[in-house]
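*Asks:* Dropping the structure in here first, questions after.
The values are calculated or read from the model by the stated rules, or taken from the named source; none is laboratory data. Remember, it's a predicted structure, so these values are computed and weren't measured experimentally. Here Cβ is always computed from backbone atoms with ideal geometry, including for glycine, and neighbour counts include all displayed protein chains. Note: areas computed on protein heavy atoms with side chains; ligands, DNA, RNA excluded. Shrake-Rupley method; radii C 1.70, N 1.55, O 1.52, S 1.80 Å.
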Amino acid sequence: MAGAAPAAAFGQAVIGPPGSGKTTYCLGMSEFLRALGRRVAVVNLDPANEGLPYECAVDVGELVALGDVMDALRLGPNGGLLYCMEYLEANLDWLRAKLEPLRGHYLLFDCPGQVELCTHHGALRNIFSQMAQWDLRLTAVHLVDSHYCTDPAKFISVLCTSLATMLHVELPHVNLLSKMDLIEHYGKLAFNLDYYTEVLDLSYLLDHLASDPFFSHYRQLNEKLVQLIEDYSLVSFIPLNIQDKDSIQRVLQAVDKANGYCFGVQEQRSLEAMMSAAMGADFHFSSTLGIQEKYLGSSDQSVEQETMQL
């Protein structure tokens, strides 16, 4: 009798720009998953990651060291990191041998923060594609610092980067606004939080930009960028505070639906939970409203009114 085929493995590829909280997310999510009873393994794919706060099951630094690459090839940090990813792509048999004993674990991949790796360079995408052939079902979890919401120009830039990442990486995708507990340290939001998480009518952001003498010269460019984002209509965000269990749970529900884990047989699941996942009945608007009340200070005046008074 032929042996049973190995069960599919599930995991998250944690990506995002430097400083967005990827390593902290891997630490918090791994602790949360262990509390749920899942077997978790964290894989560090960032050669520049030193002093890891979590227990690392696989470390790419064992294969290639960024410092050695920079010294040997006389490259800067950016070029050295790209070379490291290309070297890993050329030695995927090493990665497969390291991952094979972890079959049955839920995997978290802490990826490099080099933006071009997720927008136009092919190495990381090819690595993910090869993992899919190993029956490893990943969801790309893209972290973006939430303080960009306080600046309309930066938010449009983040939307363009997120869209480019979604189209390039070619994985089920969940975008997160990280560090929600610090969002108002950088200024007030012009609109309610759901405007940014659901990426509603962006023409209002153009009006805000038009009031700035510098950006008024680039109105046509901004209009084309906004039109491009709205034409694809792919980008949305989930707010995240890694210190809040309810926030992590909302993210995990979205990730489990994206990679199909919630429809698997690894855990006992009730019909009600299955139907909730299938229908998407997690009342996202209500949860966003609750987050706004929790982290954003209330004000009787809108930003526009305060600006008029100034």
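*Asks:* Within region 1-28, can you find the residues that are under 24 Å from S129 (Cβ atoms), aliphatic (A, V, I, L, M) and at pLDDT below 95?
*Replies:* Scanning region 1-28 gives A5, A7, A8, A9.
*Asks:* List the strands (runs of 3 or more DSSP E) that sit entirely inside region 25-116 and contain at least 1 residues that are at negative phi, among the β-branched types (V, I, T) and open to solvent by 10 Å² or more (accessible area, probe 1.4 Å). Break it down stepwise before answering.
*Replies:* On the way: elements: 40-44, 56-59, 106-110.
Output list reads 40-44.
*Asks:* If you go through region 232-249 one residue at a time, do you hit one that is open to solvent by 30 Å² or more (accessible area, probe 1.4 Å), closer than 16 Å to I15 by Cα and part of a helix (DSSP H, G or I)?
*Replies:* Among the residues of region 232-249, not one is open to solvent by 30 Å² or more (accessible area, probe 1.4 Å), closer than 16 Å to I15 by Cα and part of a helix (DSSP H, G or I), which makes the answer no.
*Asks:* Return the residues of region 99-133 that are small (G, A, S) and under 23 Å from D256 (Cβ atoms); say none if nothing qualifies. Lay out the reasoning, then the answer.
*Replies:* Of all residues in region 99-133, those small (G, A, S) come to 104, 113, 122-123, 129, 132.
Result: G104, S129, A132.
*Asks:* Could you list all residues from region 130-153 that are in contact with a Gly (Cβ under 6 Å, 6 or more places away or on another chain) and more than 16 Å from V14 (Cα to Cα)?
*Replies:* T150
*Asks:* Pick from T161, T139: which is in contact (Cβ under 8 Å) with a residue 24 or more places away in the chain, in a helix (DSSP H, G or I) and of a type in the set (V, I, T)? I'd like the intermediate steps shown before the answer.
*Replies:* Details: T139 fails: in a helix (DSSP H, G or I).
Just a single option satisfies the conditions, and that option is T161.
*Asks:* While we're on this one: Sort through I156, I127 and tell me the only one that's closer than 19 Å to F10 by Cα and either of a type in the set (A, V, I, L, M) or assigned by the TED database to the domain that holds G260 (or both).
*Replies:* Values: I156 fails: closer than 19 Å to F10 by Cα.
The conditions single out I127.
*Asks:* Those residues that are assigned to a helix (DSSP H, G or I), modelled with pLDDT under 95 and not aliphatic (A, V, I, L, M), I need them from region 119-132; list them, please.
*Replies:* T119
*Asks:* Next question. State which residue is surrounded by the fewest Cβ atoms within 10 Å (Cβ to Cβ) when the search covers only region 190-209 and only residues that are assigned to a loop (DSSP other than H, G, I, E, B) and of a type outside the set (F, W, Y).
*Replies:* Residues of region 190-209 that are assigned to a loop (DSSP other than H, G, I, E, B), as a first pass: 190-192, 198-202.
With of a type outside the set (F, W, Y) added as a condition, the list becomes 190, 192, 198-202.
Details: A190: 20, N192: 14, E198: 14, V199: 21, L200: 15, D201: 11, L202: 19.
Among them, the one singled out is D201.
Let's see how each residue does on (1) aromatic (F, W, Y); (2) closer than 15 Å to G19 by Cα; (3) at pLDDT 95 or above:
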{"site": "D110", "(1), (2), (3)": "no, yes, yes"}
{"site": "L117", "(1), (2), (3)": "no, no, no"}
{"site": "D151", "(1), (2), (3)": "no, no, no"}
{"site": "F155", "(1), (2), (3)": "yes, no, no"}
